[in-house]
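What follows is a single structure, written as structure tokens, with notes after it.
The values are calculated or read from the model by the stated rules, or taken from the named source; none is laboratory data. Please read all numbers here as calculations on a predicted model, not as lab measurements. Cβ placement follows ideal geometry from the backbone for every residue including glycine, while neighbour counts extend to all protein chains displayed.
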Amino acid sequence: MKKELVCVICPNGCFLEADVVQGESGTEVRQVEGALCKKGVKWASQELVEPLRTIASSVLVEGGEIPLASVRTDQAIPLEAIGRVMEEIKKITVRAPVRIGDVILVRPSGAACNIIATRNVSPKGGQ
């Protein structure tokens with residue numbers, strides 16, 4: 001079967017057409033056409049076989065100058081894991097100070113990633 005995608009790897013936004021076969025061992029991408037670079041072919045194959053995403057969110061901060069710190073996954077995770085990971089993130093409260101790069105949560109829901117801070121939050125009153 002033919003699948004059409006628009007590549008999101010670079011600003012070119014190539015219109016891709018992939019020849020996909022569903023077999024006993026899963027999805028197989030036989031050919032990708034329309035990519036201006038090899039990255040597009042690799043991305044399309046990954047997207048059709050096992051789509052991955054990074055996610056960004058925020059966590060509550062106790063004793064901070066602001067109430068929330070932004071966080072993200074430190075690497076892409078399977079699409080089907082996003083809901084479980086987000087549920088764990090929603091349960092988290094951290095104590096100020098928070099520094100960019102701090103590991104907030106290790107391997108949420110067994111996903112092969114960590115949740116890291118992407119914003120500094122100082123303690124209330126600069127303590």
*Going by the conditions given, is S45 of a type outside the set (F, W, Y), surrounded by fewer than 17 Cβ atoms within 10 Å (Cβ to Cβ) and not in a loop (DSSP other than H, G, I, E, B)?*
no
*Inspect the stretch 58-67 for any residue being touching a Leu at 6+ places or on another chain (Cβ under 7 Å) and in contact (Cβ under 8 Å) with a residue 60 or more places away in the chain and give the result as yes or no.*
yes
*What number of residues in the stretch 68-94 are more than 10 Å from the chain's Cα centre (by Cα) and of a type outside the set (A, V, I, L, M, F, W, C)?*
9
_Among the residues of the stretch 17-32, are any in contact with a Gly (Cβ under 6 Å, 6 or more places away or on another chain), over 19 Å from L79 (Cα atoms) and at pLDDT 95 or above?_
yes
